[in-house]
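To start, the structure itself, in structure tokens.
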Amino acid sequence: MAQLQIVCPLRPGTQERWRRLAQEVAGSRREQFEAFCQQVGITQVQVWVVQLQRGELLLMTLHTREPQQTLLELATSAHPFDRWLREQFQLLLGWNLQEVLPMLYHDLIFTWSDESGSP
């Protein structure tokens with residue numbers, strides 16, 4: 001299982017709206033959210049609001065088999081709940097996942113692993 005981590009700066013004044021979205025997804029839209037997660041292979045979701053000296057970050061961790069496929073599904077799915085969730089993200093983040101996804105480029109600049117097997 002892989003982890004997909006998404007980190008975004010929160011726009012000023014949106015923290016409470018993110019909290020309400022999380023409550024709605026955990027409450028009245030829980031079954032729809034669970035169906036979406038099962039459809040795209042997500043087995044666990046964690047969302048944090050991180051307080052910084054000059055602003056806030058949203059940190060999402062998704063446990064999924066195929067991170068790129070999960071993002072693609074979120075960006076392109078035509079299911080009503082998926083479209084609704086994508087619209088909520090766009091309203092709160094200020095950018096459209098469908099426009100950003102094709103341009104995703106990542107460049108691993110450092111990795112380290114303890115090869116010695118020492119505890």
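The values are calculated or read from the model by the stated rules, or taken from the named source; none is laboratory data. Everything numeric here is computed off the predicted structure, so don't read it as measured data. Cβ: placed from backbone, ideal geometry, glycine included. Neighbour counts: every protein chain shown. These area figures cover heavy atoms from the full protein model, side chains too; ligands, DNA and RNA do not enter into them. Shrake-Rupley method; radii C 1.70, N 1.55, O 1.52, S 1.80 Å.
With a 1.4 Å probe and all protein chains left in place, how much of the accessible area of the chain comes from carbon and sulfur atoms, in whole percent? Each step should come with its number before you reach the end.
On the way: 4480 of 8540 Å².
The C+S portion of the solvent-accessible surface of the chain is 53 percent.
Using protein chains only and a probe of 1.4 angstrom, how many square angstrom of Phe110 are accessible, to the nearest 10?
Phe110 exposes around 150 Å² with every protein chain in place.
Can you compute 3J(HN,Hα) from phi for each residue in the stretch 77-89, using the Karplus curve 6.51 cos²θ - 1.76 cosθ + 1.60 with θ = phi - 60°, rounded to whole Hz and x for Gly and Pro?
For the stretch 77-89, the Karplus-derived couplings read 4, 9, 4, x, 5, 4, 5, 4, 4, 4, 5, 4, 4 Hz, x marking Gly and Pro.
Length gain on complete extension for the stretch Leu108 to Gln3, per 0.36 nm per residue less the alpha carbon to alpha carbon distance?
36.3 nm
Within the stretch 45-68, what residues put their amide N at less than 15 Å from the label point 7 Å along the Cα-to-Cβ vector of Phe81?
45
Of all trypsin sites (Lys or Arg not before Pro) in the stretch 16-119, which ones are in loop regions per DSSP and have a Cβ with at most 13 other Cβ atoms within 10 Å? Kindly include the intermediate steps, with their values, before the conclusion.
Working: sites: Arg17, Arg19, Arg20, Arg29, Arg30, Arg54, Arg65, Arg83, Arg86; in loops: Arg29, Arg54, Arg65.
Loop-located and lightly packed - Arg54, Arg65.
Just to compare against my own numbers: the Cα pair-distance distribution for the stretch 4-79, 5 Å bins, whole % per bin, please.
Histogramming the stretch 4-79 at 5 Å steps yields 3, 14, 22, 24, 20, 12, 4, 1 percent.
Fully extended, how many nm does the chain gain between Glu56 and Gln23 (0.36 nm per residue separation, minus their Cα-Cα distance)? Don't jump to the answer; show the numbers that get you there.
Working: separation 33, 0.36 × 33 = 11.88 nm, distance 1.90 nm.
Length gained between Glu56 and Gln23: 10.0 nm.
Applying 1/(1 + (r/R0)^6) with R0 = 25 Å to the Cβ-Cβ distance of Gln90 and Gln69, what FRET efficiency is obtained, to the nearest 0.05?
Working: r = 21 Å, r/R0 = 0.82.
Calculated transfer efficiency: 0.75.
Can you give me the accessible area per residue for the stretch 46-86, using a 1.4 Å probe, in Å²?
60 Å²
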